[in-house]
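For reference, the structure discussed in these notes is given below.
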Amino acid sequence: MSEQSCIFCSIIKGDIPSAKVYEDEHVYAFLDLSQVTKGHTLLIPKKHEQDIFHLEPETASRLFQAAPVVAKALDRAFVPAGLNVLNNNKEAAGQSVFHYHLHLIPRYDQSDGFQPTWVEHGGDYSQEELQQLAAEAASYI
Ligand code: 5GP
Ligand code: ZN
């Protein structure tokens with residue numbers, strides 16, 4: 001998805017209306033239309049970068065500096081019991097808008113609309129296998 005056809009770039013420019021929560025020189029935060037839970041907010045960089053694999057260090061730094069600022073505002077405004085931060089990268093992981101974004105999802109209770117499934121497979125790996133996996137990943141850094 002190019003910058004020209006990007007919904008989030010259009011939102012930043014004001015060509016598509018949005019419910020703005022926060023804005024500074026580098027980032028923009030607005031309510032997600034889907035409102036999975038009350039206050040569900042998207043935090044995006046103003047620079048169009050597709051996903052975490054394309055995110056430049058400077059962009060990531062600006063975005064993650066703003067994340068606690070917005071999270072605290074949501075916490076004060078809606079007094080949730082907790083808050084999930086979610087980021088989908090590539091279609092296979094559920095990404096549908098290809099401009100990097102963090103979902104900030106206030107959590108109220110177990111039936112509030114957000115139900116992450118988390119199946120543990122830790123028992124499938126020995127300590128040695130975990131060390132091998134880590135070493136493999138580390139070799140690419
Ligand atoms: P993804 O699936 O890429 O992680 O998340 C994209 C999110 O963007 C979805 O939760 C969807 O509801 C939201 N979204 C898509 N189009 C618009 C829009 O035009 N305005 C707003 N506020 N949210 C949008
Ligand atoms: Zn964009």
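The values are calculated or read from the model by the stated rules, or taken from the named source; none is laboratory data. Being a predicted model, the structure only gives us computed values, none of them experimental. Neighbour counts run over all protein chains shown; Cβ positions are idealised from the backbone, glycine included.
Within region 61-88, residues that are farther than 18 Å from H26 by Cα sit with their Cβ atoms under 6 Å from residues that are within 16 Å of ligand 1 (Cβ to nearest atom) and small (G, A, S), at 6+ positions apart or across chains, in these pairs: L74/G39; F78/G39; N88/G94. Within region 1-21, residues that are assigned to a helix (DSSP H, G or I) have Cβ atoms under 8 Å from residues that are hydrophobic (A, V, I, L, M, F, W, C) and more than 10 Å from ligand 1 (Cβ to nearest atom) in these pairs: E3/C9, counting only partners at least 6 apart in sequence or on another chain.
Among the residues of region 31-79, what is the count of those that are charged (D, E, K, R), under 14 Å from I105 (Cα atoms) and away from ligand 1 (no atom under 15 Å from the Cβ)?
Result for region 31-79: 3.
All but one of (1) more than 15 Å from ligand 2 (Cβ to nearest atom); (2) within 21 Å of G94 (Cβ to Cβ); (3) not in a helix (DSSP H, G or I) hold for P80; which doesn't? Looking at each condition in turn, P80 falls short on (2). Look at region 93-115: where a residue is in contact (Cβ under 8 Å) with a residue 12 or more places away in the chain, no partner that is within 8 Å of ligand 1 (Cβ to nearest atom) and among the charged types (D, E, K, R) sits 6+ places away or on another chain with Cβ atoms under 6 Å. Once region 115-141 is narrowed to residues that are of a type in the set (F, W, Y) and modelled with pLDDT of 95 or more, the residue that is farthest from P68 (Cα to Cα) is Y125. Within region 12-27, being surrounded by 13 or more Cβ atoms within 10 Å (Cβ to Cβ) and away from ligand 1 (no atom under 11 Å from the Cβ) holds for I12, Y22, E23, H26, V27.
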